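Since the structure comes first, as structure tokens, the remarks are kept for the end.
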Amino acid sequence: MSETEQATAPQAPAQAALPLDGWHRDRGARMVEFAGYAMPIQYEGILAEHKWTRASAGLFDVSHMGQLLVAGPEAERGLESVLPTDLALLKDAKPKYSLLLNEEGGIIDDLMVTRRGEHFYLVVNGATKAGDIAHLEAKLPRGAVLDHMKEQALLALQGPKAVDALARLVPGVEALTFMTAGVFQLDGATAWISRSGYTGEDGFEISVPARDVARIAELLCAQAEVKPIGLGARDSLRLEAGLPLYGHDLDHSTTPVEAGLTFALAKRRRAEGGFPGWHRLAKELADGPIRKRVGLLIEGRQPVREGAMVVDGEGNEVGKVTSGGFSPCLEAPIAMAYVPAASAAEGSVIALAARGKIYAGTVTAMPFVPHRYQRKGAAA
Amino acid sequence: MSIYYTKEHEWVRVEGDSGTVGVTDFAQGQLGDVVFVEVPEAGRTLSRGGEAAVVESVKAASEVYAPVSGTVTEGNQAVVDEPSLVNTDPEGEGWFFKLTLGDVAELDELMSAEQYQSYCDEQ
């Protein structure tokens with residue numbers, strides 16, 4: 001028996017240790033290399049962890065992600081020159097999904113940006129943070145100062161019971177609604193907590209000092225609702241939620257229009273421009289993209305994974321699968337793929353080729369599994 | 001009846017010239033939750049070390065190789081219908097296929113249970 005494909009990066013020589021490294025190992029995690037760090041791929045098993053998160057609450061260590069601050073008198077103007085977000089409209093403590101774009105409108109990274117008083121707080125992907133920092137340092141004006149918060153760790157507590165567990169430790173945190181944030185005290189540490197995440201579930205992302213994170217992770221996992229969850233289930237959860245993963249579903253050669261992320265292109269910015277790739281993106285918005293990211297339900301039981309080709313009737317490659325796996329909730333294989341715009345309508349049947357076999361996928365609306373965010377004004 | 005093991009973490013249980021093949025408990029632990037199994041059809045001829053079956057977990061796809069050459073007499077439909085049998089009973093109900101051995105002498109090149117155990121301990 002041998003593995004022919006692996007959903008996560010294979011082992012690389014350099015593996016830096018994150019603040020919770022020892023904590024994960026003590027809890028029996030299987031560690032793998034990811035984004036240059038040793039990280040837990042699973043504890044008891046991906047299926048069990050996935051289902052636990054959907055039913056209760058899972059704690060994810062996402063300390064590999066980059067936490068950045070942009071401060072100074074030119075911070076807002078500087079960030080608007082690299083992001084397609086309307087920062088003038090961005091209210092305090094309201095995280096917003098945004099994109100670093102290149103001159104061709106391709107995606108350098110996807111991120112969350114939050115106004116925090118006088119400065120902006122950004123959370124970027126772990127595998128891309130070094131490049132992001134270099135890009136920002138090159139593009140930001142002198143009056144905008146970038147700080148990489150290396151001493152902060154980041155946790156995500158996700159699932160329908162996340163609010164019960166966290167509100168027990170942080171009274172008042174339950175008042176946050178989806179995509180709002182604030183400063184709280186968590187076991188004596190100052191925590192920046194936002195009601196957001198990457199699983200499609202209700203939940204929180206919690207930024208705390210690295211020196212406190214092991215104690216806080218232990219405290220969170222001492223709550224009956226909470227178990228630690230590895231990267232394996234993080235990937236299957238976000239796939240079910242229809243959320244793209246940078247480096248797989250998004251990269252330098254994909255645009256936000258192709259990727260179905262036009263909500264990240266603010267109305268004023270579309271009209272005024274002034275961000276990288278605007279000309280290309282304005283044209284794509286007007287004419288439609290030539291290819292689109294879609295969700296696919298795969299016929300049969302065999303997963304079709306990243307790298308499989310989308311083929312036309314003559315067997316020519318016309319697109320590719322960028323994420324694929326088995327949905328624990330649907331008990332069926334699902335995938336994301338880029339397909340020609342003419343084939344992107346819901347219900348279109350797409351032929352996929354992998355390992356010398358042809359598979360059929362039907363274009364389906366995403367998310368595959370409904371989101372359960374706690375939006376403002378929605379019934380609790 | 002004897003059981004032999006490969007370095008690729010397959011086992012073959014031999015009775016006379018008939019063998020039953022599966023993957024080991026070590027292998028299923030490495031794979032994680034198995035969600036798909038494809039087994040060879042009866043009548044298919046397998047060469048030693050050749051691809052014989054497919055096993056996919058939530059995280060990865062793997063090939064299962066024929067530990068010995070032979071002709072398949074039965075694929076295990078139960079494990080196709082319920083792939084998690086590979087996790088719950090890898091060296092029992094979770095078998096993949098049965099075959100008629102092509103060359104019994106090939107068994108000499110496989111590992112005993114003790115040899116396989118020490119092989120796994122080194123992994």
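Is the C-alpha gyration tensor of segment A:173-235 telling us rounded, prolate or oblate? Criteria: a/c under 1.5 is rounded; beyond that, a/b larger than b/c is prolate, otherwise oblate.
oblate
Translational D (Stokes-Einstein, µm²/s) of segment A:257-359 at 25 °C and 0.890 mPa s when Rh comes from the Kirkwood sum over C-alpha pairs?
164 µm²/s
Pull up all non-local amide H partners of residue A:250: gap of 5 or more, or a different chain, and H-to-H distance under 5 Å with H placed in the peptide plane.
Those lying under 5 Å, H to H, from residue A:250 are A:245.
From the residues A:160, A:145, A:349, which one has its Cα farthest along the dipole of chain A in the positive direction, the dipole being from +1 and -1 charges on Cβ of Lys/Arg and Asp/Glu about the Cα centre?
So the residue we want is A:160.
Could you give me the ³J(HN,Hα) list for segment A:297-302, computed from phi with Karplus coefficients 6.51, -1.76, 1.60 and θ = phi - 60°, whole Hz, x at Gly and Pro?
Once rounded to whole Hz, the list reads 8, 8, 5, x, 10, 7.
Hey, got the dipole for the protein assembly as shown? About the Cα centre, +1 on K and R Cβ, -1 on D and E Cβ, debye to the nearest 20?
Computed charge dipole of the protein assembly as shown: roughly 2640 debye.
Specify which residue in the list A:281, A:334, A:295 is farthest towards the positive end of the charge dipole of segment A:262-364, using unit charges on the beta carbon of Lys, Arg (+1) and Asp, Glu (-1), about the Cα centre.
Positive-end residue among those listed: A:281.
In whole Hz, what ³J(HN,Hα) sequence does segment A:142-157 give by Karplus (6.51, -1.76, 1.60; θ = phi - 60°), x for Gly and Pro?
Each residue of segment A:142-157 in turn: 4, x, 10, 10, 9, 10, 8, 7, 5, 8, 9, 9, 9, 10, 10, 10 Hz.
Give the residue list of trypsin sites (Lys or Arg not before Pro) in segment A:141-171 that are DSSP loop and have at most 12 other beta-carbon atoms within 10 angstrom.
Answer in residue order: A:142, A:150.
Given the options A:128, A:88, A:100, identify the residue whose Cα lies farthest towards the positive end of the charge dipole of segment A:66-148 (+1 on Cβ of Lys, Arg; -1 on Cβ of Asp, Glu).
A:88
Please sort by residue number the GluC sites (Glu not before Pro) in segment A:109-159 whose DSSP state is loop and whose Cβ has at most 15 other Cβ atoms within 10 Å.
Within segment A:109-159, the qualifying GluC sites (Glu not before Pro) (loop, at most 15 other Cβ atoms within 10 Å) are A:118, A:151.
Please list log₁₀ I(q)/I(0) at q = 0.12 Å⁻¹ for chain A, using the Debye equation with identical point scatterers on the alpha-carbon positions.
Summing over Cα pairs of chain A leads to -0.96.
Residue by residue, what Karplus-based ³J(HN,Hα) values in Hz, rounded to whole numbers, does segment A:106-112 have, using 6.51, -1.76 and 1.60 with θ = phi - 60° and x for Gly and Pro?
x, 9, 7, 6, 10, 7, 10
Please say if segment A:66-148 is rounded, prolate or oblate, where rounded means a/c under 1.5 for a ≥ b ≥ c the square roots of the C-alpha gyration tensor eigenvalues, and otherwise the choice is prolate for a/b larger than b/c and oblate otherwise?
It comes out rounded by the Cα gyration axes.
Rounded, prolate or oblate, given the Cα gyration tensor of segment B:60-123, with a/c below 1.5 counting as rounded?
Oblate.
Which GluC sites (Glu not before Pro) in segment A:277-380 sit in a loop by DSSP (not H, G, I, E or B) and have at most 14 other Cβ atoms within 10 Å of their own Cβ?
Of the GluC sites (Glu not before Pro), the ones in loops of segment A:277-380 whose Cβ has at most 14 other Cβ atoms within 10 Å are A:314, A:331, A:346.
If you place +1 on the Cβ of every Lys and Arg and -1 on the Cβ of every Asp and Glu, how big does the dipole about the Cα centre of segment A:188-322 come out, in debye to the nearest 20?
Approximately 440 debye in magnitude.
Coordinate-derived values only; no laboratory data. Just so we're clear, the structure is a prediction, and the values are computed from it rather than from any experiment. As a convention, Cβ positions derive from the backbone with ideal geometry for all residues, glycine included, and neighbour counts pool all protein chains shown.
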